[in-house]
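Q: My structure is below; once you've seen it, I'll send some questions.
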Amino acid sequence: MQSRQTVHIIASEWRWVIVVGSALILLTFAPFLWMALMGTSEWQFMGTLHNYLDGATYLSKIVQGTHGNWLIWFQHTPEHYAGALIQVIYPLMGQLSRLTSVPPIVMFHVVRVFASLFMYIALYQFAAAVWTKVRTRRILFIITAVGAGFGWLFLPLTGDVSFPDISVAEMFPLYSTYVNVHFPLTIACLALLAGYFVMAFRPGADQDPSIDQGVIIVAALSLALALLYPHALIPVGVALGLFMLFEWRDKRRLSARTLRWVLALVFPALPVAAYYLIVVTYNPGMAEWNRQNINPAPSIPVLLIGLGLPLIIALPGIIRGVLRFERDGDRIMILWLIAIIIVMYLPTDAGRRFGVGLMIPIGYFAARAVEDVWITRISRRIRPYVFALCIPIIAISQIFILFLPILPVMGGNPGNAVGIFLERDYVAAYQWLEARTTQNDVILASPVVSAWIPGWAEARVVYGHPYETLDAAVKLRQVNEWYSGAANCRVILDEYDVRYVLYGVEEAKLGAAPCLAELTAVAHVGGVTIYAR
């Protein structure tokens, strides 16, 4: 690895970042290529591999944008309520899809590619803001980008799926690129923010007027985070609050410059935060969504296992940061790391969400520990072999989780990849419904089939998502009971004003649906029958 030093990022470094970032992006599409080569003639790939339920809701929001909407409502529930300006990146993608005629699911993946590349560039920009040594920049980048823990080992042993490197994509940059668009964009914004705060709070930084110009960029990043992932701002804000307390302790005063940087983060986000508070308080649909959207943090032992080798590598750097508490970057980064852990384990329903970007401070201290401790203990002759061994080890979980969803395909059973694949007849049924329904129509189908209906047709469903279906547990039980014959045939249809009912292979898994005898079959699409009231 190169050890030359440079203040600015030179052309060869940018080429390296683009090549490595592009390779990681291509890696994320390897499962798609595998599926294309193997073929799944009887099955339709629905468009997303990881967390298909959320993927289906992103697609429904993009489709709403294609109809010119900016205010989003949840189509995975039959109730009517006012829309809100949330998850704005997805209706924006819909607007772009409408203007360019690019299909919504294609637009999702195209933007995902650019968001991922932007994130890798931002991570390297952060590394360059911290280090002048090219080797250390690359170490920081690699550990932050691909590093993860031992979830790949403990999941098969324990059956516990809560290990963060298996289930919390927003903590890990590479994993985040598998899932959606707003996770990598959020991590990119956090990396850029961290870089600016490290530069701004270094000793002597107040003598460089050019650094203070970054206040405007910090304000823009704050607004972007408020729109993309508002939870990300809380730990950063707590870290800055702690930073100001320590500055007051050291100097018995708070400098106007520090306050200016903190306000640049806080002020742009306040109006958005106030809007969100109003929405989840007074909009019944959004209030119920917020109530159901429970994401507890993993237990401390599970978190430590999920951070694994990168955390072990970082420990000497973390200890040094706590003991010396220097303002060369260590102070703000150790405070951010502490703030993330504190906020994650406060008694809230959103604990895991506050862990977004956790690998950034872990990667920072890991790079420092490599340079200050670990590399001095490894002879120069075997260093390349140690690096070559460590990189795959820290990335195993990321590779494991990348290919995990297509294991049924590799085994010749796409149907076992629930929600990722559906029988092709369902897609034909969606197309039939698309031409005959509006947003005022409600469709009853099995949960896995209902998840994808709003992304194809404009209609709503009785139950389609554990968070975005209002009173989700109740409606899930009602759907299952209706198809199994354990419910009154008319109640659910009348209560939610159901217009169409689907019955195919997925619905047959729930039961024989004796209530269908009271309905009229209006279309037979292969193995799927569509009934109307």
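Q: Under a Cβ-Cβ cut-off of 13 Å, what is the net charge of the residues other than THR144 that fall near it, where Lys and Arg count +1 and Asp and Glu count -1?
A: Result for the neighbourhood of THR144: +3.
Q: Considering the chain, which cysteines have no disulfide-compatible partner, defined as another cysteine with its Cβ under 4.7 Å away?
A: CYS189, CYS390
Q: If you don't mind, another one. Using the Karplus equation 6.51 cos²θ - 1.76 cosθ + 1.60 (θ = phi - 60°), what ³J(HN,Hα) coupling, rounded to whole Hz, does each residue of segment 479-490 give in order, writing x for Gly and Pro?
A: Here the 3J(HN,Hα) series is 5, 4, 5, 5, 6, 7, x, 8, 10, 4, 4, 8 Hz.
Q: Please list, in order along segment 516-533, the HN-Hα scalar couplings obtained from phi with the Karplus expression 6.51 cos²θ - 1.76 cosθ + 1.60 (θ = phi - 60°), rounded to whole Hz, x for Gly and Pro.
A: So the Karplus estimates, Gly and Pro as x, are 4, 4, 8, 10, 10, 6, 10, 7, 10, 10, x, x, 10, 10, 10, 10, 10, 7 Hz.
Q: What is the distance, in nm, between label points placed 7 Å from the Cα along the Cα-to-Cβ direction at ALA486 and at LEU263?
A: Label at ALA486, label at LEU263, 6.1 nm between them.
Q: When each pair of different Cα atoms in the chain is counted once in the 1/r mean, what is the Kirkwood radius in angstroms, to one decimal?
A: Evaluated over the chain, this radius sits at 24.8 Å.
Q: Okay, next question. Amide H neighbours of ILE72 under 5 Å, counting only residues 5+ apart in sequence or on other chains, H built in-plane at 1.01 Å?
A: Residues meeting the amide H criterion: ALA84, LEU85, ILE86.
Q: If r is the Cβ-Cβ distance from ILE378 to ASN293 and R0 is 51 Å, what FRET efficiency results, to the nearest 0.05?
A: 0.65
Q: Continuing with the same structure: Any chance you could tell me what percent of the C-alpha pair distances in segment 18-167 go past 23 Å?
A: 56
Q: Further question on the same structure: So what's the net charge close to ASN293: Lys and Arg +1, Asp and Glu -1, counting the other residues with Cβ under 12 Å from its Cβ?
A: -1
Q: Once the Cβ-Cβ distance between ASP328 and ILE399 is put in as r, and R0 is 30 Å, what FRET efficiency do you end up with, to the nearest 0.05?
A: 0.30
Q: Given all pairs of different Cα atoms, what value in angstroms does the Kirkwood hydrodynamic radius of segment 147-238 take?
A: Values: mean 1/r = 0.0659 Å⁻¹.
With all distinct Cα pairs of segment 147-238 included, I get 15.2 Å.
Q: Moving on to the next point. Two decimals is fine: what is log10 I(q)/I(0) at q = 0.21, 0.25, 0.26, 0.27 Å⁻¹ for segment 479-533, from a Debye sum with one equal scatterer on every Cα and no solvent?
A: These q points yield log10 I(q)/I(0) values of -0.74, -1.04, -1.12, -1.19.
Q: Given that compact globular proteins tend to follow 2.2 N^0.38 Å, what is the ratio of the alpha-carbon Rg of segment 338-481 to that value?
A: 1.64
Q: Given the DSSP H assignment, sum -39500 (n - 2.57) over each helix run of at least 4 residues in the chain and divide by its residue total; what's the result at 222 nm in deg cm²/dmol, nearest 500?
A: Numbers: 25 runs with 328 residues, N = 533.
The per-residue figure over the chain is -19500 deg cm²/dmol.
Q: Give a residue-ordered list of calculated ³J(HN,Hα) values for segment 17-32 (Karplus: 6.51 cos²θ - 1.76 cosθ + 1.60, θ = phi - 60°; whole Hz; x for Gly, Pro).
A: With the stated coefficients, segment 17-32 comes to 5, 5, 5, 5, x, 5, 5, 5, 5, 4, 4, 5, 9, 4, x, 5 Hz.
Q: Taking the Cα atoms only, what angle lies between the long axis of helix 52-66 and the longest principal axis of the chain, rounded to 10 degrees?
A: Here the helix axis deviates by roughly 80 degrees.
Q: Name all residues of segment 286-305 having a backbone nitrogen under 12 Å from the label point set 7 Å from the Cα of LEU153 along its Cα→Cβ direction, giving them as ranges.
A: Under cut-off, by backbone N: 305.
Q: Quick one: helix 89-100 against the long Cα principal axis of the chain, what's the angle to the nearest 10°, folded into 0 to 90?
A: 70
Q: Roll a 1.4 Å probe over the protein chains and send me the accessible area per residue for the chain in Å².
A: Value returned for the chain: 41 Å² of accessible area per residue.
Q: Could you give P(r) for segment 1-82, binned at 10 Å from zero, as whole percent values over all Cα-Cα pairs?
A: 13, 25, 22, 22, 14, 4, 0
Q: Between LEU270 and ASP206, what is the label-to-label distance in nm when each label sits 7 Å out along the Cα-to-Cβ direction?
A: Label-label distance for LEU270 and ASP206, simple model: 2.4 nm.
Q: Sticking with this one: Gain in length, ILE217 to LEU389, computed as 0.36 nm per residue apart minus the alpha-carbon separation, to one decimal in nm? Walk me through the numbers before you get to the answer.
A: Details: separation 172, 0.36 × 172 = 61.92 nm, distance 3.84 nm.
Once the chain is fully extended between ILE217 and LEU389, it gains 58.1 nm.
Q: Return the carbon/sulfur percentage of the accessible area of the chain, one whole number, probe 1.4 Å, all protein chains in place. Walk me through the numbers on the way to the answer.
A: Details: 14350 of 21770 Å².
The value for the chain is 66 percent carbon and sulfur by accessible area.
Q: Here's a follow-up. What angle do you read, to the nearest 10 degrees and between 0 and 90, between the alpha-carbon axis of helix 104-130 and the longest principal axis of the chain?
A: So the helix axis and the longest Cα principal axis differ by about 10 degrees.
Q: Another question about this same structure. Just to verify a number: FRET efficiency for SER22 and LEU254, C-beta to C-beta distance, R0 = 35 Å, to 0.05? Each step should come with its number before you reach the end.
A: On the way: r = 44 Å, r/R0 = 1.27.
The value I calculate is 0.20.
The values are calculated or read from the model by the stated rules, or taken from the named source; none is laboratory data. Remember, it's a predicted structure, so these values are computed and weren't measured experimentally. Positions of Cβ are backbone-derived with ideal geometry, glycine not excepted, and every protein chain shown enters the neighbour counts. Keep in mind that these areas ignore ligands, DNA and RNA; they rest on the heavy atoms of the full protein, side chains included. Shrake-Rupley method; radii C 1.70, N 1.55, O 1.52, S 1.80 Å.
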